[in-house]
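To start, the structure itself, in structure tokens.
The values are calculated or read from the model by the stated rules, or taken from the named source; none is laboratory data. Since we're looking at a predicted model, the values are computed, not measured. In this analysis, Cβ positions are derived from the backbone assuming ideal geometry, glycine residues included, and neighbour counts consider all displayed protein chains.
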Amino acid sequence: KDKLVLQLKWVTQAQFAGYYVAKDKGFYDAVDLDVEIKPGGPDIAPAQVIAGGGADVIIDWMPSALASREKGVPIVNIAQPFKRSGMMLTCLKESGIKSPEDFRGRTLGVWFFGNEYPFLSWMSQLGIPTDGSDNGVKVLKQGFNVDPLLQKQADCISTMTYNEYWQIIDAGIAAEDLITFQYEDQGVATLEDGIYVMEADLDDPKKVDMFQRFVKASMQGWNYAAENPAEAADIVLENDATGAQTEKHQKRMMGEINKLVAGSDGSLNVADYDRTVKSLLSGGSDPVISKEPEGAHTDKITKGM
Amino acid sequence: MNNGAIVAATFFWMVAWFANSWLVKLNPSNQVLARGINLLIPLIFGVTLIVIWEGITVGFNISPVLLPSPSMIWARIAASTDILWADFTQTFLKAVLAGYAMGCISGFAVAVAVDRVPFLRKGLLPIGNLVAALPIVGIAPIMVMWFGFDWQSKAAVVVVMTFFPMLVNTVAGLAASGAMERDLMQTYASGYWQTLLKLRLPAAMPFIFNALKINSTLALIGAIVAEFFGTPIVGMGFRISTEVGRMNIDMVWAEIFVAALAGSLSYGLIALLERAVTFWHPSYRS
Amino acid sequence: MAQSGGLNRWFVDRVLPVGTMVVAIVVIWYGFAVILNAPFERDQAARADTSLTTMQLVNKTLAQERPVLPAPHQVADEIWKTTALKKVTSKRSLIYHTWITMSSTLLGFAMGSMLGILLAVLIVHSAVLDKSLMPWVITSQTIPILAIAPMIIVVLNAVGISGLLPKAFISAYLSFFPVTVGMVKGLRSPDPRHLDLMRTYNASNQQTFWKLRWPSAVPFLFTSMKVAVAISLVGAIVGELPTGAVAGLGARLLTGSYYGQTIQIWSALIAAAVLAALLVMLVDIIARIVMSRMGMAR
Amino acid sequence: MSIVIDAEGLDLTFQTNDGPVHALSDIDLKVLTGEFVSLIGPSGCGKTTLLRVIADLEKPTGGSISVNGVSPEEARLSRAYGYVFQAAALYPWRTIGGNISLPLEVMGYPKAERAELISRNLDLVNLTGFEKKFPWQLSGGMQQRASIARALSFDPDMLLMDEPFGALDEIVRDHLNEQLLKLWAKTKKTVVFVTHSIPEAVFLSTRIVVMSPRPGRIHEIIDCELGHDRSLDIRETPEFLEIAHRVREGLRQGHSYDD
Amino acid sequence: MSIVIDAEGLDLTFQTNDGPVHALSDIDLKVLTGEFVSLIGPSGCGKTTLLRVIADLEKPTGGSISVNGVSPEEARLSRAYGYVFQAAALYPWRTIGGNISLPLEVMGYPKAERAELISRNLDLVNLTGFEKKFPWQLSGGMQQRASIARALSFDPDMLLMDEPFGALDEIVRDHLNEQLLKLWAKTKKTVVFVTHSIPEAVFLSTRIVVMSPRPGRIHEIIDCELGHDRSLDIRETPEFLEIAHRVREGLRQGHSYDD
Ligand SMILES: Nc1ncnc2c1ncn2[C@@H]1O[C@H](COP(=O)(O)OP(=O)(O)OP(=O)(O)O)[C@@H](O)[C@H]1O
Ligand SMILES: Nc1ncnc2c1ncn2[C@@H]1O[C@H](COP(=O)(O)OP(=O)(O)OP(=O)(O)O)[C@@H](O)[C@H]1O
Ligand SMILES: Cc1ncc(C[n+]2csc(CCO)c2C)c(N)n1
Ligand SMILES: [Mg+2]
Ligand SMILES: [Mg+2]
């Protein structure tokens, strides 16, 4: 059996259900893989982990993956299970914000640590400065939860359709009291959870074969999760070592995640890729990446499936 | 692998070690010279560490994403002084100084208040020691929730971290004056405040400075770590946590360098102040 | 008689004041819980177009699901549910997480103490190291450990070290410092006459170390170990964050924070405080036993 | 001559962890104005405790005592005495001048008067010129003289001295004994003086109180009328040796060799 | 009788921050086997320094010295002497027995022999039965006796004692002086003894070396032939007083009252 280490981008939750399902349901075993799944966290940079040899495969968002690649970590997208983006800005209705133009002069909560790129390129496309100047927005580095909105420390905060949004709802604020701006709807969506490996590993036929088996089994896992969301959520809960996740939340998250994965066979849609790159390059004076990346994705793995 | 760099670093290390061994034995009678040597020796040692670091990163071709070489870090420092300064202003000049002052002063004030009531003293000290051992990672998110995103919440974390060491040390210090000295004040029919001012506070100074020194390093670490849990987009902690995600590890080390420099300088400054104020303490008399 | 006198004194000197203080803290805590949680309830009432009596407001603020500051009984209830009512092997058991954290604390504490002692021995025996090392030992503590913790973990990972050890390393990094400082003091504490005495016996360096320096450093060692064990716990908790925050009190703090579960954060904090108290007490008890064996407890 | 200290049936028991310690038992003692009374006795016999009771640093558990006709506490509050400890007990963070100034500050003397008193008292103990030095820059003998100057600075009528020269070497001690005697003759203060040394007690005192331990009590009071004008040489006179012998005998009778 | 210590023109200068301190200057001293030589002099005159030079704890900067005919270092390495400090300097974490055993352990005596030596030496200083006690459970006088037992345990031919009874009260001190004298008469060891006390020096010694300070030098050497069989009472004999007087005069001449 071949050993393979997978570094996730965030903590164990339904966002990564496909991989946990594949492991628990024996899909990895079936293709002779012994996969170790390492949960991520707020200060785990998957690109750094793979550069340090701590993982063979990582899950990352494309903006940060491309930025890392430019910084000299040669990672390559080999598969893209997430078709759609789940990121959005969520505001309280009472703040009076109705459209992105109303952001000016407001305080917005944004995730950093490489997750700020989609936001920054959106703002630069809107022509809204983020440097704190008068007609721009005031940006806060948002912590890991929705408190800034509940405490009214920010007018809008970043949320994922599958996670933080529901925490706001759970906190007792009705959906009618909220207004959301999905990146997908604003036409600035960038690709989220994709599977990345080191470029050099792709020259090794043995590794390539391993990756193929991995992606295949993982997609099998995602399909299973789509068909059996309740069981998949249970599997995730099972694997959560912190014991902090709740069943209600994970079941709901599973449903939302399935919406994002729907329509993906694992292969990267080149049009989506180009759109993401264009969005990242158009950042005005401060683009996320400075030049068109080369060799940042390959269909070498998915086309053989 | 670049063997030249490793060999060069090893050679430098050996030369530096001999230089230091020689300097230690020198023991000059000239005061200024002696003080200079006492500064030079750790400096040579530090430079040696940096040279070895450079030798290893270059020699073993370590990826800069994992550990950048000192020369790269230095280049980054030189190129980003404006960002470093802005971060320093936000974190050190605002959060740390404000929090440090408030934490130390309030710890001191509470200690003096508590000192009059033995019951309070006995009750507070064990609890104080406990709270002092609480991890900042637990306190920081709470403070951000309570005091907002800007430096005030960082200052609050610093206050929590510095308050108890000051409290505990001051209380111990106020008890440190000798029985004989206190009896002496009694024979003068001296009042509480006179005894406090003329005997117990001076005698407590070594303890108070101990807390000031501990707190000077704690405060900086506390403010930086608190920034991991929500900040405006400036500050040393913000930069560190953000640039790791962006694979700009050299920038991270640049901030760490600034932090270590600021921390060591404040520590040194307080140590100098301590020497001036507690000049009478046996540890400073030659 | 001496026995009951001792017990009585223990009660009057320790239990009573500390207990009173705890009660006072709990009362203040309730007050703040009401004050801090009230704005949200008022907002909710405003959204629902109702108004609340003070009694209702107070009741609601003390029973929120996601309070800004949970009420003490909420935390107590959570602790009870996650300790007594869960199997200790369950991932939802606070005892399980406390155990995880404690194991890396103890390992880190052991490594930190060892390193601290080693450095102190080197510093005391070598003039070169004394002058060159000490300032850097202080500088090492001005580096924000949480900042480099992720990198330490990645680098250790790269050389194939993972699991308990990386967390323990961070814990050791924080805890060696007080031990070094205390031990340098301790190893230098023998009366010069005692050192001279060893010289008149023509004792070797080793004999002087084991028969004189080491025993006279023991009280200093224990004093600094009490500080170090508490710091080790902080280090272990900090170390849990960049290792994927999979389990342990640090992970509970963090995941509590992700999902806005303030009650979980506070119960983890309390568990950390209790663990710290127990560990310090343990070191203290060992210290007492050793010292009285050595005839130094009076 | 009036009675300055009047103790009758004085008792003091300390409550300690290992039970009560009977530090003073049935002490009767009267000290008159201008007397120089020494307390001598083996370690632990209660000399310090008795002195502390007089100074109101310890409350007796039985018997009665008056100082200057009032209670020790009232006497303390009216600053009736200066107290000199075994170790000089100078504050290391104050200069010699600052140390002598301490009681004056506490008692609210104006600045100009303080300066005047400091220099006068420094002169009295032969320390002129050392005002700006710190205690640790002086020898033990000089420190002890400074602490005597401090006790004298506010001109109390009575001096209580607890082994003030115990830590000094014999020559320096002889020298200070001579100076103390001169000072006493000049200022006519009442002195209660604790010592371990027989020659010192005989040389200085008008009366010697020999104490014995467990419980601490007065074994014997020996008169010592060698005149006010003594020089160190009298220590080889038969009168001196006679008294010294009596003191030694008294001490030996009260002593138990259980160590 | 042979010469045990032979110092000629001994000089020792300490280099300190405030310039050189001339601790010993031109010391000539011969000590014969079985003698009891006391060093007396005011504080800072170099008594301790001289003793430390003999013990090879300090290197002279000039002159020559031999101990048992060899250099002090060789003498130390051959464990020629036992050293007793002012305060007992017992290790608080060792029992009395453990303390006496310390030099034996360092010198590699087998266990059985150690036990034997410990009990013999405890007996010698009248401490049988206290072997298992810790130092702080004993009185000062008993501690000092234990420290003498420790110095005697490996049976050195010479005892170097630096104010061993300085911290004790007069009665206890008298008592220990008597015991030390008996011990010396019994064991015939050579003793070099530092003291501040004139009666102690006269009572114990066969010769008294009076030293004077700045620079530390020998002012006078006084013979003291009161016979080996002295009791405390001889202190009131004219011979005793005569010698004491001479010592005092010597001390006074050499003393400068600048402190
Ligand atoms: N605060 C105290 N608490 C308990 N016992 C005490 C206290 N002070 C003194 N004692 C005991 O009272 C007895 C008399 O002590 P005191 O200090 O008066 O003796 P002393 O004659 O001055 O002895 P020394 O010559 O050693 O100074 C001793 O047994 C001592 O242990
Ligand atoms: N290690 C040292 N470094 C510098 N000066 C020293 C040192 N040891 C002693 N001295 C100085 O040498 C002189 C003689 O000191 P020594 O200790 O021999 O005197 P002493 O006669 O034993 O005095 P005491 O009676 O106070 O013990 C003193 O002036 C002392 O300050
Ligand atoms: C420091 C940090 N902040 C935010 C994210 C964003 N993020 C990426 S995936 C995910 C899960 C959604 O619940 C979230 C929040 C991150 N990775 N790291
Ligand atoms: Mg006393
Ligand atoms: Mg000496």
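Give the residues of region B:221-274 that are in contact (Cβ under 8 Å) with a residue 60 or more places away in the chain, more than 22 Å from C:I231 (Cβ to Cβ) and among the charged types (D, E, K, R), sorted by residue number.
Across region B:221-274, the qualifying residues are B:R239, B:D250, B:E255, B:E274.
Mind checking which helices (runs of 4 or more DSSP H) fall wholly inside region B:1-82 and carry at least 1 residues that are modelled with pLDDT under 85 and more than 9 Å from every other protein chain (Cβ to nearest Cβ)?
Once the helices (runs of 4 or more DSSP H) in region B:1-82 are filtered for at least 1 residues that are modelled with pLDDT under 85 and more than 9 Å from every other protein chain (Cβ to nearest Cβ), what remains is B:3-26, B:31-59.
Could you run through region C:255-287 and say how many residues are in contact with a Gly (Cβ under 7 Å, 6 or more places away or on another chain) and among the hydrophobic types (A, V, I, L, M, F, W, C)?
4
Condition first: at pLDDT 80 or above and of a type in the set (K, R). Can you find one or more residues in region E:222-234 that meet it?
Within region E:222-234, none of the residues are at pLDDT 80 or above and of a type in the set (K, R).
Looking at D:G97, D:G63 in this structure, which one is more than 18 Å from B:A189 (Cα to Cα), more than 9 Å from every other protein chain (Cβ to nearest Cβ), touching a helix residue (DSSP H, G or I) at 6+ places or on another chain (Cβ under 9 Å) and not in a loop (DSSP other than H, G, I, E, B)?
Just one listed residue meets the conditions, D:G97.
Specify the residue that is nearest to ligand 3 (Cβ to nearest atom); the eligible residues are those in region D:17-56 that are assigned to a loop (DSSP other than H, G, I, E, B) and surrounded by fewer than 21 Cβ atoms within 10 Å (Cβ to Cβ).
D:N17
Return yes or no: is D:G108 outside any loop (DSSP other than H, G, I, E, B) and of a type outside the set (S, T, N, Q)?
no
Does E:D6 satisfy the criteria of being farther than 20 Å from E:K188 by Cα, away from ligand 1 (no atom under 16 Å from the Cβ) and of a type in the set (D, E, K, R)?
no
Which ones in region E:16-41 are facing another protein chain (nearest Cβ under 10 Å) and near ligand 2 (Cβ under 7 Å from one of its atoms)?
E:T16, E:G41
Given C:S189, C:S175, C:S162, which one is farther than 30 Å from E:L90 by Cβ, of a type outside the set (A, V, I, L, M) and not in a helix (DSSP H, G or I)?
C:S162
Within region E:158-180, identify whether any single residue is away from ligand 2 (no atom under 16 Å from the Cβ) and touching a strand residue (DSSP E or B) at 6+ places or on another chain (Cβ under 6 Å), and answer yes or no.
Looking through region E:158-180, at least one residue is away from ligand 2 (no atom under 16 Å from the Cβ) and touching a strand residue (DSSP E or B) at 6+ places or on another chain (Cβ under 6 Å).
Could you please find all residues in region B:218-241 being surrounded by fewer than 24 Cβ atoms within 10 Å (Cβ to Cβ) and of a type in the set (V, I, T)?
Across region B:218-241, the qualifying residues are B:I233, B:V234.
Residue-wise test of (1) within 21 Å of C:T208 (Cβ to Cβ); (2) without any contact (Cβ under 8 Å) to a residue 12 or more places away in the chain; (3) out of contact with any His (no Cβ under 7 Å at 6 or more places or on another chain); (4) among the basic types (K, R).
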residue	(1), (2), (3), (4)
E:V31	no, no, yes, no
E:L39	no, no, yes, no
E:A75	yes, no, yes, no
E:A89	yes, no, no, no
E:T95	yes, no, yes, no
E:G98	yes, yes, yes, no
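Here is a yes/no grid of residues against (1) among the hydrophobic types (A, V, I, L, M, F, W, C); (2) over 21 Å from C:I265 (Cβ atoms):
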{"site": "A:E116", "(1), (2)": "no, yes"}
{"site": "A:S121", "(1), (2)": "no, yes"}
{"site": "A:Q125", "(1), (2)": "no, yes"}
{"site": "A:Q153", "(1), (2)": "no, no"}
{"site": "A:W166", "(1), (2)": "yes, no"}
{"site": "A:E176", "(1), (2)": "no, yes"}
{"site": "A:E184", "(1), (2)": "no, yes"}
{"site": "A:I195", "(1), (2)": "yes, yes"}
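Have a look at A:V197, A:V236, A:V208 and point out the one that is assigned to a strand (DSSP E or B) and farther than 22 Å from A:F119 by Cα.
A:V197
For residues that are assigned to a loop (DSSP other than H, G, I, E, B) and surrounded by fewer than 17 Cβ atoms within 10 Å (Cβ to Cβ), scanning just region D:66-85, find the one that is nearest to ligand 5 (Cβ to nearest atom).
Residue satisfying both the conditions and the ranking: D:S78.
Given A:L92, A:L149, A:L108, A:L140, which one is touching a residue at least 12 places away in the same chain (Cβ under 8 Å), within 11 Å of another protein chain (Cβ to nearest Cβ) and over 29 Å from A:D60 (Cβ atoms)?
Of A:L92, A:L149, A:L108, A:L140, the one residue that is touching a residue at least 12 places away in the same chain (Cβ under 8 Å), within 11 Å of another protein chain (Cβ to nearest Cβ) and over 29 Å from A:D60 (Cβ atoms) is A:L92.
Within region D:100-125, how many residues are away from chain B (no Cβ under 12 Å) and crowded, with 16+ Cβ neighbours inside 10 Å?
Qualifying residue count for the region: 8.
Could you pull out every one of the helices (runs of 4 or more DSSP H) wholly within region C:1-99 that has 2 or more residues that are out of contact with any Cys (no Cβ under 8 Å at 6 or more places or on another chain) and within 12 Å of chain B (Cβ to nearest Cβ)?
So the answer is C:2-10, C:16-47.
If you scan region C:257-298, which residues turn out to be not in a helix (DSSP H, G or I) and not hydrophobic (A, V, I, L, M, F, W, C)?
Of everything in region C:257-298, those that are not in a helix (DSSP H, G or I) and not hydrophobic (A, V, I, L, M, F, W, C) turn out to be C:Y259, C:G260, C:Q261, C:G295, C:R298.
Of the residues C:G235, C:G260, C:G256, C:G248, which single one is more than 10 Å from chain A (Cβ to nearest Cβ) and either under 20 Å from the mean Cα position of the chain (by Cα) or not basic (K, R) (or both)?
The conditions single out C:G235.
Having 1 or more residues that are closer than 14 Å to C:P144 by Cα and within 12 Å of chain C (Cβ to nearest Cβ) is the bar; report the helices (runs of 4 or more DSSP H) wholly within region B:189-286 that clear it.
Passing ranges, in order: B:201-226, B:236-245, B:249-277.
I'd like to verify a number: residues in region A:23-58 that are closer than 26 Å to A:D272 by Cα and touching a Gly at 6+ places or on another chain (Cβ under 7 Å), how many?
The total comes to 3.
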